[in-house]
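Everything below concerns the one structure shown next.
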Number of protein chains: 2
Amino acid sequence: MSLREQFSPRLQALLARDEWLVAEEEYDPAQNLAYESRFCLANGYMGSRAVHEEGFVKNTLPACYVHGVFDRSEAFQRELCNTPDWAKLKIYQEREPLSPESGRIAEYLRVLDLKNGLVAKRYLHTDSRGRRTRVESVKLLSRAMPHCALLRVWLTPLNADALFEIEDIVDATVTNFMDFPRFRVKHLQVEKIECLGAEGCYVETKTRDRDLPVGTGSFTRVLNEKGVPVQRNRAFRPYGEIACEFMDVRAEQGETICIEKFSAVYTGRDGKPLKPALAQALAELSHHGFEAAVQAHVEKQAALWSLADVQLTGDEKMQKALRFDLFHLLGAASFTDDRVGIGAKLLHGEEYGGHSFWDTELFLHPFFDYVFPQVGRNLANYRYHLLDAARRNARRNSHQGAQFPWESADTGEEECPQWTIEPDGSCYRCHVAEYEHHVTAAVAYSAVQYYRITQDQDFWERQGLELLAETARFWASRLQYDAADGAYHIRQVTGPDEWHEPVDDNAYTNRLAHWNLVTAAGYLAECRAARPEVYARLRQKIRLKAEEPEEWKRRAASLYLGASQGLIEQFQGYFALADGEITQWDQNKMPLLPETLRLVPKQQRCILKQADVVMMLFLLGQEFDPETQRLNFDYYEKRTLHRSSLSPGVHCIMGIRTGESARAYEYLERSAYVDLDDNQGNTREGIHAASAAITWQSVVLGYGGMGLGKDGLLEFAPQLPDRWEKLQFSLQYRGRVLRVCITQNELSLMQEGGVTPVAYRCNGTVRQAILS
Amino acid sequence: MSLREQFSPRLQALLARDEWLVAEEEYDPAQNLAYESRFCLANGYMGSRAVHEEGFVKNTLPACYVHGVFDRSEAFQRELCNTPDWAKLKIYQEREPLSPESGRIAEYLRVLDLKNGLVAKRYLHTDSRGRRTRVESVKLLSRAMPHCALLRVWLTPLNADALFEIEDIVDATVTNFMDFPRFRVKHLQVEKIECLGAEGCYVETKTRDRDLPVGTGSFTRVLNEKGVPVQRNRAFRPYGEIACEFMDVRAEQGETICIEKFSAVYTGRDGKPLKPALAQALAELSHHGFEAAVQAHVEKQAALWSLADVQLTGDEKMQKALRFDLFHLLGAASFTDDRVGIGAKLLHGEEYGGHSFWDTELFLHPFFDYVFPQVGRNLANYRYHLLDAARRNARRNSHQGAQFPWESADTGEEECPQWTIEPDGSCYRCHVAEYEHHVTAAVAYSAVQYYRITQDQDFWERQGLELLAETARFWASRLQYDAADGAYHIRQVTGPDEWHEPVDDNAYTNRLAHWNLVTAAGYLAECRAARPEVYARLRQKIRLKAEEPEEWKRRAASLYLGASQGLIEQFQGYFALADGEITQWDQNKMPLLPETLRLVPKQQRCILKQADVVMMLFLLGQEFDPETQRLNFDYYEKRTLHRSSLSPGVHCIMGIRTGESARAYEYLERSAYVDLDDNQGNTREGIHAASAAITWQSVVLGYGGMGLGKDGLLEFAPQLPDRWEKLQFSLQYRGRVLRVCITQNELSLMQEGGVTPVAYRCNGTVRQAILS
């Protein structure tokens, strides 16, 4: 029987076919936290971890993260705040809780429906008195009404009449790091716990540092099989930081009752009085009803998939994994808000504080730039809006221009602390923010990529050029001239490979800095020539001296870059470290540290957390000949432990580029399955955003061989794995929708929208898209 | 091995011999709530249920009830409030909770030490990583510093070095009826969650209706084996309604660390600024140290036992049960506060709202009157202070004088509602307060008993006479004259047997009303003659008309009383009900409803919840000849199901009086063991106060045959069960301590204090106490 067929007709009607369903086929409390991440729903406004709404579960981290709601309080950085939990809906049969961990559970099945963006479940509950109840539920965060969430729970008493007691709860006792006492912080202060109106729950909180208000509310009713409300004894109860509405309902044996809960969230960032906006949203939901709301949501979700979906014929597991990854990326991206980034765990977990790192730029941006350019622009603007903070950050560190923080929250201040407390209570001097500067180049790189892909002139002239110029200024000031060799250097710096910290002349950082300086000078010159008024405005705004761009080029030209051919040294002195190649892998095919290097300190051995040279070649491959790329990939792969989840995806793409297709697919699996298989063991903390996004890059830019040529032409050089019959994906490319279909032998490109066909290059041949 | 010997030397040093220890020998989550009641500690100021301080326990009702802290809010009556939980002390090993329900538990043993008034426990904890930790703890509520509690937890990592994380918590999220969603109410609103000073936790709450403030605080440190503080990383964290102080500590394998937590509670009733008073109490505790505080507590506890203890040689189980009952009675009684009563579940549970019922007067009073007369006076004054409310209550019900409420909290208003909501959500019209009036006679009866026992002239003239007069006035107005038989009647009334509600001329109520009227008239006449100025003051105060006492006597003389000999009818028409005798008992020797009456409604059959006539004979036995007592005991016993826990004790004493010694002992067992054996199945809700106290009455007044003669002489007519070699107990009798020793053949009475020996009567012979 298919997964879908295991549900009752009322749920089957809501569910997509099995190929879109990710299933949890038995309830294991030890796996619950991982499933809370995996089945987390997000709708671009907020993310809600997939807690069992019935509660009474031991291992659980209920959380609702809302874009842009950050606070520090006692934490050592501003964190994406856990906001009040609106999902709770406790159910009792005469005081006895009904939940997956109360009583006996059978026939458990929960699915995440990737297509329709909902979580459905069913189980058979037997309580201590032998009363059996069929439980079914469905939950979704509306894509059509992004402030709103919907939940329905159906209860059918199977062997006796039942009296169910229900608590609709909005719980503001939530904290961050709930199960981590050393780091647990409560970021929201409760302002109001009250009835929403005549009925319903309302909680108003505010962040403790900056008084950003958050309103969270809910309205619940119980319907009989005819859709008539049948709840009794409704009573609102304030329990300190918990708003609760009690109600009960009788159900005859065999009768199904339906508990319907609508929830909503507004924050001070939404520009509306919270409670009225929230009450209105819930009233609208109630008025139009559950079915209409689901339909509106599913239509929005379908519209997203019509662009986002990547179809892999012949590789079912990878197909589902890829959709799983894309589903979560789409959930975390804001299509409307350009003052929020995307955190390293999306809106699905609080690890890394919900901060944007360099990964957002280099791993996530391309997917959005190609498929949802409005998100790409929002992400670029997020950085642009924080340019002043980046300028202050540069000043604080005695540099010029703009230095983006290693970790970025809402203010753009550096959120990566100098001192942290380790899980064992010891203090740890954290040098990352001090030495790891490449994020600033990543911001420039992705702004340029966004522009090159989209040709979004408006962005470019208003924000892009300024970002590029200010980041170039930073690098120009960061370089140190050494009279001994007459060259500029970047000393005391850390690349992505954090096991060698700090080093001099990190190949990745130096090459990106070089790229940043040269590219900025180039684009400014181009602008000066083509759009003098834009250039003049920018010059004035950032007080650009006439000679600055020339000076950037001059310094770039004298910047130490190491070899441009042959083996590239990761940093000065790397080749002198204790060397050794990886020869053993664990049962998960993860490389093991060579025995011979076990006793050598990290800093003093060649073994890498992730390979900076490979990453550099991934971004700037066009600057190197194929043999150099192959040589370095091969060399560094033997020395990389992939202890960062960023690493495998990059190795997949570089494997494809260098002809190591079989190995590339293993890297793709590691990247694509990271959270489905929990192969890093930390899926409980959230979804690996960068892995999810680099999986798309691996498939589309790697196997699809898509990219932009030097001439700006979209180009393809597909290399599908043997097992893939067909690879299909879509782009929103400069106002058109392009539908790409690649088989082992052919590539076709259909174009929707636009009057002139888009030109592209396929394996070196220029073609034109087929107008549909 | 004895219980005591199973503990480490450090705990053995604190523990009494096994005969004083009540043990929980294995941890069964299903039994946890009952043990939370059984091992509840109370020190006359507050009571703290025996929750496992480590938390992470599924079935738990953490509670601290403080005398006089009542609130209504959404409840249907003012309830004794659950105040913030100061006992929590969560422990983790690197985030993994260490508690009886986290990990594997072995060698579990927890004891309540009745002698020293403390709870000690030990267990061996193995966590998911196989780390084994020896856990030991001791907790007490100080008798010497009644605002304070002490807790020590010793941890010894057995197979590895350990890093323990500790959370000292004061938790104000508590509610009443925590596990009863329909009735759950939060009575306290949080005002402050803050650090106590530089260190420690402080929570200030207030009751929601009347703004009575409650301050709760704690201070925790960790000591190594040399007593040196070794906690690290102390950090105060406010989590909404939870004050938390985090700290951690390293312990080497085999090393024992000691977590020491001092807690304190002050309320607005204590007449001091809360936080400073609390901080000072904790500072004193810290200054003098744990050992000194324990010693001071144990000395106070020993002083109580030197008077309260009843020694039963030859009956070990009953001996321990009796001490268990007395221990809890002593915990709930206030020695200093005469504005608080004692609730039906003591300070050990919230069932019945912490209200005083008639049981306090008739079941608890005698123990205190004889052994701790200051508590007897406090309890009598509690009613006296609420006389105005009782007067208003009488007026409201169209009566005169003072009608005490069926349920009494802090205001003296009737707390028993007209309408309640049943557990199934239906509304229930509750007639108890409307019809059940005998509590007013009980208040008068116990005031007179207190006076007769103590000869406390001061109380009598200031409060006692006024209580007596106002209750008599109530009855005088409550009687209804019937011209048909020329007699007064009490119609539409309910006696203690609530299965017949309402009835006319309930024998118990009529006899008590009669007693009240006649006794009031008698004492007023006596006072008028002997203490005219006292009489004049009272007359003026309560506007007593000259003819009133005579009118009371006149009405009493015409009050319908039914038979004075032979079989007494419980109420008019009782003998006409469907009759049947009990012939079957369940496995717990509880009587079963006769099959023949199963379909007859309660009101229409003879079967009783408890026997009013037997209760009446228990109180007013001197008015009836022995044969009448025997006849009625025998008749009603066959028709009583003892569905009230008040019933068995009364039947014990009446069994002794009527020569049914063997049956009497079975009743004693049922009464004495009610909470140790949980034979009513509701020990989880608290300790049965009346059962505990009637157990003392059964032993001392029943088997010891103690009482006051009509001439006021203390008298004894012992009838020990065969198995009892010796019965010893003490009294504080009119300024002397009397030590009574009864064997099967002899009675001796030693007197401490006083210059003249106390005269007493033993089996009819007057003797004098032996001066020690």
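See the values below:
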quantity	calculated
Antiparallel bridge percentage (DSSP; both residues within the protein assembly as shown; nearest 5)	95 percent
For B:E107, inter-copy label distances in nm, listed shortest first [label point 7 Å out on the Cα-Cβ vector]	4.7
Translational diffusion coefficient (Stokes-Einstein; Kirkwood radius from C-alpha pairs) of the stretch A:188-336 at 10 °C, 1.306 mPa s, in µm²/s	86 µm²/s
With eigenvalues of the C-alpha gyration tensor scaled by 5 and rooted, the protein assembly as shown, Å	78, 34, 28
B:E666-B:N588 pseudo-label distance in nm [points 7 Å out on the Cα-to-Cβ vector]	1.5 nm
Cα Rg, Dmax, the stretch A:291-337, angstrom units	12.5, 38
Separation in nanometres of the label points that stand 7 Å from Cα toward Cβ, at B:D677 and B:V534	4.6 nm
Total formal charge among the other residues, if their Cβ is under 10 angstrom from that of B:K275, Lys/Arg +1 and Asp/Glu -1	0
For B:244-250, mean number of other protein chain Cβ atoms within 10 Å	3
7 Å along Cα→Cβ, label-point gaps from A:A576 to other copies, nm, shortest first	11.7
Nearest 10 degrees, 0 to 90: helix A:274-308 Cα axis against chain A principal axis	50 degrees
Cα extents of chain B along the three principal axes, largest first (Å)	88, 63, 56
Selection from B:G401, B:I169, A:W585, by position along the positive dipole direction of the protein assembly as shown (Cβ)	B:G401
Cα-centred dipole magnitude for the stretch B:1-144, charges only on beta-carbon of K, R (+1) and D, E (-1), debye, nearest 20	360 debye
Between the stretch B:422-466 and the stretch A:47-116, the alpha-carbon center distance in angstrom	51 Å
Given A:K90/A:K121; B:K121/B:K226; A:K115/A:K726; B:K139/B:K317; B:K139/B:K272, the pairs whose alpha carbons are separated by over 18 Å	B:K121/B:K226; A:K115/A:K726; B:K139/B:K317; B:K139/B:K272
Dmax and Rg, reported as Rg then Dmax, of the stretch B:422-540 (C-alpha, Å)	17.2, 59
Built amide H within the under 5 Å cut-off of B:K726, gap 5+	B:T313
Translational diffusion of the stretch B:479-603, µm² s⁻¹ [Kirkwood Rh, Cα pairs; Stokes-Einstein; 4 °C; 1.567 mPa s]	74 µm²/s
Projected label distance in nm at A:A578 and B:E752, using a 7 Å step from Cα toward the beta-carbon	7.8 nm
Inter-chain shielding of A:93-101 (mean C-beta neighbours from other protein chains, 10 Å cut-off)	2
Greater than 28 Å apart at Cα, pairs in A:K553/A:K602; B:K541/B:K710; A:K261/B:K186	A:K553/A:K602; B:K541/B:K710
Sorted largest first, extent of the stretch A:331-487 alpha carbons per principal axis (Å)	47, 42, 24
Phi-based couplings in Hz for the stretch A:203-213 (Karplus 6.51, -1.76, 1.60; Gly and Pro marked x)	10, 10, 10, 9, 5, 6, 7, 10, 6, 6, x
The stretch A:505-550, Cα convex hull volume normalised per residue, Å³	75 Å³
Average beta-carbon neighbours from other chains, 10 Å sphere, peptide A:181-188	6
Extension gain from A:T411 to A:R339, taking 0.36 nm per residue of separation minus the Cα-Cα distance	24.9 nm
Gyration tensor verdict on the stretch A:459-513 (Cα atoms; rounded if a/c is under 1.5, prolate if a/b is larger than b/c, oblate otherwise)	oblate
Per-selection Kirkwood Rh - the stretch A:101-145 (Cα, Å, 1 d.p.)	11.9 Å
Cα lying deepest toward the dipole's positive end in the stretch A:214-343, options A:G227, A:V249, A:F327, charges on Cβ	A:V249
Theoretical ellipticity at 222 nm over the protein assembly as shown - DSSP helices of four or more residues, -39500 (n - 2.57) apiece, nearest 500	-9000 deg cm²/dmol
Label point at A:S286 placed 7 Å out along Cα→Cβ; residues across the stretch A:255-279 whose backbone nitrogen lies under 12 Å	A:261-263, A:279
Pseudo-label separations to other copies for A:Q492 - Cα-to-Cβ vector, 7 Å, nm	9.4
Rh by Kirkwood over Cα pairs, then Stokes-Einstein D for the stretch B:594-720 at 0.692 mPa s and 37 °C, µm²/s	214 µm²/s
Summed residue charge, Cβ within 14 Å of B:G754's Cβ, Lys/Arg positive, Asp/Glu negative	+2
Extension gain (nm, one decimal) between A:S398 and A:K58, 0.36 nm per residue minus Cα-Cα	117.4 nm
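Rule-based calculations on the coordinates, nothing more; no lab input. Keep in mind it's a predicted model, so treat the numbers as computed, not measured. Note: ideal-geometry Cβ built from the backbone for every residue, glycine included; neighbour counts use all protein chains shown.
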